[in-house]
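The values are calculated or read from the model by the stated rules, or taken from the named source; none is laboratory data. Since this is a predicted model, take the numbers as computed values, not measurements. Here the Cβ positions follow ideal geometry from the backbone for every residue, glycine too, while neighbour counts run over all protein chains shown.
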């Protein structure tokens, strides 16, 4: 079976930004309001962080359920793990994801400053100083025949796009402008030379963009 490299449920603003400026430990999305980007997922019945019954069904919920479908490993950039730049001051803080991160797979964190692996619940974070190609080889081995998800942030998705290593992408465009920060694109049409694109509006107000290789 062919292993695919996927981007899943990655959300950007209507002007193409996945995060704002000024990221801190308290503000993972910088100046941008995360609820303005991720409201569509948090409202669904199968949102992994949901603690109460209820939630919406339909297209948005289908996409949140698909987040873990056949995923065996994730690759993320260092600033999806935490806001620190440069050498680690210490290893005490273990990222934004809490005692039970939503990944439940090996996660490979790309960084020029490696640190020992850590396990939180069913998720183990490994820290790699590696090219996209080499990191993907590690992730494929760990995924045991399943797909690998490129989790973000924007710089990491762009890096794998530039290396032509992504097979399928699901990008969600939220009806909010951020204005500055980490920008994925000016227009999704920038990618149609390499990918087929289908855009499906949701009643929630977001538009789901599905890309697959030509």
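Given 41, 32, 36, which one is touching a helix residue (DSSP H, G or I) at 6+ places or on another chain (Cβ under 6 Å) and either under 30 Å from residue 143 (Cα atoms) or outside any strand (DSSP E or B) (or both)?
41
Any residue at all in the stretch 62-73 that's closer than 24 Å to residue 26 by Cα, in a loop (DSSP other than H, G, I, E, B), out of contact with any strand residue (DSSP E or B) (no Cβ under 8 Å at 6 or more places or on another chain) and without any contact (Cβ under 8 Å) to a residue 12 or more places away in the chain?
no
Looking at the stretch 135-148, which of its residues are touching a strand residue (DSSP E or B) at 6+ places or on another chain (Cβ under 8 Å) and either on the phi < 0 side of the Ramachandran plot or surrounded by 12 or more Cβ atoms within 10 Å (Cβ to Cβ) (or both)?
Listed by number, the residues that qualify are 135, 136, 138, 139, 140, 142, 143, 146, 147, 148.
Checking residue 124 against (1) in contact with a strand residue (DSSP E or B) (Cβ under 6 Å, 6 or more places away or on another chain); (2) under 25 Å from residue 27 (Cβ atoms), which single condition isn't satisfied?
All conditions pass for residue 124, except number (2).
Yes or no: residue 53 assigned to a loop (DSSP other than H, G, I, E, B), at pLDDT below 95, surrounded by 14 or more Cβ atoms within 10 Å (Cβ to Cβ) and out of contact with any strand residue (DSSP E or B) (no Cβ under 9 Å at 6 or more places or on another chain)?
No.
Working only within the stretch 1-29, note down all residues that are crowded, with 16+ Cβ neighbours inside 10 Å, out of contact with any helix residue (DSSP H, G or I) (no Cβ under 9 Å at 6 or more places or on another chain) and farther than 18 Å from residue 184 by Cβ.
Hit for the stretch 1-29 is 4, nothing else.
Out of 23, 3, 8, I need the residue that is in contact (Cβ under 8 Å) with a residue 24 or more places away in the chain, part of a loop (DSSP other than H, G, I, E, B), in contact with a strand residue (DSSP E or B) (Cβ under 7 Å, 6 or more places away or on another chain) and closer than 21 Å to residue 150 by Cα. Which one?
Going through 23, 3, 8 in turn, just one is in contact (Cβ under 8 Å) with a residue 24 or more places away in the chain, part of a loop (DSSP other than H, G, I, E, B), in contact with a strand residue (DSSP E or B) (Cβ under 7 Å, 6 or more places away or on another chain) and closer than 21 Å to residue 150 by Cα: 3.
Pick from 90, 79: which is at pLDDT below 95 and outside any loop (DSSP other than H, G, I, E, B)?
79
Tell me which of these residue 59 doesn't satisfy, since it passes every other one: (1) crowded, with 16+ Cβ neighbours inside 10 Å; (2) within 18 Å of the chain's Cα centre (by Cα).
So residue 59 meets the others, but not (2).
I'd like the residue in the stretch 158-170 that is in contact with a strand residue (DSSP E or B) (Cβ under 8 Å, 6 or more places away or on another chain) and assigned to a loop (DSSP other than H, G, I, E, B) and, out of all such residues, is surrounded by the most Cβ atoms within 10 Å (Cβ to Cβ).
The extreme case among them is 166.
Does residue 155 satisfy the criteria of being closer than 16 Å to residue 78 by Cα and either at pLDDT 95 or above or surrounded by 14 or more Cβ atoms within 10 Å (Cβ to Cβ) (or both)?
Yes; evaluated as a whole, the condition is true for this residue.
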